[in-house]
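Only one structure is covered here, and it is reproduced in the block below.
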Amino acid sequence: MKKAIVFAASVLAAAGAGLMLAGGGAPEVTLVSMKELEYTETFLVSGTVESTAQRELTPDFPLVPGEVLAKEGDVVSYGDPIATVDKEATVRAVAAFAEEYAGSLPDAAADRAAEAFAAVGEELAGGLDFLPDTICAPMSGVLTSVSLTEGTLYLPTAPAATVSSAAALRLRLPVPEDRVGLLRQGDAFSFTAAAVEGGLFSAQITRFSPSAYQKLNGISYETVVDVVARIEDDFNALRPGYTVQAELTAGEPENLWLLPYEAVMQDADGQDYVYVYREGEAVRRNVETGRELSTSVQIVSGVGRYEKVVQDAAALEGEGPVSVKAGED
């Protein structure tokens, strides 16, 4: 019980100076009984806020953005410009792209690629008005991705931007595989968001991903399962993409019987023990400890629930007579 050793050492240093002696030289002590606590083990998982509704924007033609007007995290309304289009630069970039990469493809594929880019180039060159002046938001919400760079050719092989609704949010939490079995649909929990200082939110598990996957954790990979949760109330403070830390419960509540750390000692063999008060004397009793909390430790066996033990155990040099502070015997 490492915490008890550290704590007891500090208590002993203080007790040596302040310990009062009663008549007969018996040290004066404080007594304490075990306290019961309903306890549920928890563990922390990092995750993200995501939208339950989103739209991807994928233009029909290659484009060269003239100016990118919005970035990830910006709130936009339907039709707001995300970027302007440089039409002349687009025509030049399409022609250059076709010339540079067609030669690196197999002959048949190169011919088809060249024909395709030539058709696009001719259509664009024949009427620049065919190109839009701006790339606009497809819906109102938060920009959760923008794949546009000023002056760089965008190819419509992936969305140019993604807009997520901030009105319908949920959490996605990658939970280690050995912990998933401890969770149940409907479990409630609290979480914090890195972007919201002092904010505490609540959520409820709604479903589990049907498959697991490998996720990088530090320098190694771990197997995780995505857990999806409904946010009870975001107080208009959360946005898609925010990082969160959730405190999840691990199993059913259990009742613990606890003693403060200063009441539990440990000998050179690693055996935990306490001093039980018996008819004016402190008597050593070996105990089995369990869970370690912030200020107390679980006593699994060795002490009766209503027996009194010496709280400031480090003040004693061993078994023997003690004097109990007035009103505590």
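Bear in mind these aren't lab numbers, they're just calculated from the coordinates by the rules spelled out. Owing to the predicted nature of the structure, the values given are computational and were not obtained by experimental measurement. Cβ: placed from backbone, ideal geometry, glycine included. Neighbour counts: every protein chain shown.
Which number do you get for Rg(Cα) / (2.2 N^0.38 Å) in the range 23-99? Kindly include the intermediate steps, with their values, before the conclusion.
Working: Rg = 32.7 Å, N = 77, 2.2 N^0.38 = 11.5 Å.
In units of the globular-protein estimate, the range 23-99 measures up at 2.86.
Between the C-alpha center of the range 246-279 and that of the range 143-212 there is a gap of 39 Å. Cross-link partners for K71 among the aspartates and glutamates, with Cα-Cα distance under 18 Å and sequence neighbours closer than 8 places in the same chain left out: E50, E56, D80, E150.
Dimensions of the range 181-226 along the principal axes, based on C-alpha atoms and rounded to the nearest Å, stand at 32, 28, 14, largest first. If I take R0 = 41 Å and measure r between the Cβ atoms of Q271 and L44 in this structure, what FRET efficiency does the formula 1/(1 + (r/R0)^6) give, to the nearest 0.05? In this case the efficiency is close to 0.80. Phi-derived couplings, Karplus 6.51 cos²θ - 1.76 cosθ + 1.60 at θ = phi - 60°, listed residue by residue for the range 250-262: 10, x, 7, x, 9, 8, 10, 10, 10, 10, x, 4, 5 Hz, with x used for Gly and Pro. Along each principal axis, taking the top coordinate minus the bottom one, the Cα set of the range 183-281 gives 64, 35, 27 Å in descending order.
Annotation note: GluC sites (Glu not before Pro) in the range 195-239 located in DSSP loop regions with a Cβ neighbour count of at most 16 within 10 Å are E197, E232.
Once the chain from R179 to E56 is taken as fully extended at 0.36 nm per residue, the excess over their C-alpha distance is 40.9 nm. The equivalent ellipsoid of the range 121-232 has semi-axes of 40, 19, 14 Å, largest first, where each one is the square root of 5 times an eigenvalue of the Cα gyration tensor.
The label-point distance for Y78 and A168, in a model that sets each label 7 Å from Cα toward Cβ, rounds to 1.5 nm.
Extending 7 Å from Cα along the Cβ direction at S301 and again at K35 yields two label points whose distance is 2.6 nm.
On a full-extension model of 0.36 nm per residue, what is the gain between E319 and R230, subtracting their alpha-carbon distance, rounded to one decimal in nm? Display every interim value, and only then the final one.
Working: separation 89, 0.36 × 89 = 32.04 nm, distance 5.70 nm.
Taking 0.36 nm per residue and subtracting the Cα distance, the gain is 26.3 nm.
Annotation: amide H-H contacts under 5 Å for D86 (H modelled 1.01 Å from N, sequence separation of 5 or more, or interchain): V64, G66. With r as the distance between the Cβ atoms of N255 and K71 and R0 = 56 Å, compute the FRET efficiency 1/(1 + (r/R0)^6) and round to 0.05. Rounded to the nearest 0.05, the efficiency is 0.60.
Give the calculated FRET efficiency between R291 and S140 to the nearest 0.05, with a Förster radius of 56 Å applied to their Cβ-Cβ distance.
Values: r = 49 Å, r/R0 = 0.88.
That gives a FRET efficiency of 0.70.
Measuring how big the range 227-329 is from its alpha-carbon positions, Rg and Dmax come out at 21.3, 66 Å.
Inter-label distance, E88 to K215: 5.0 nm, where each label sits 7 Å from its Cα along the C-beta direction.
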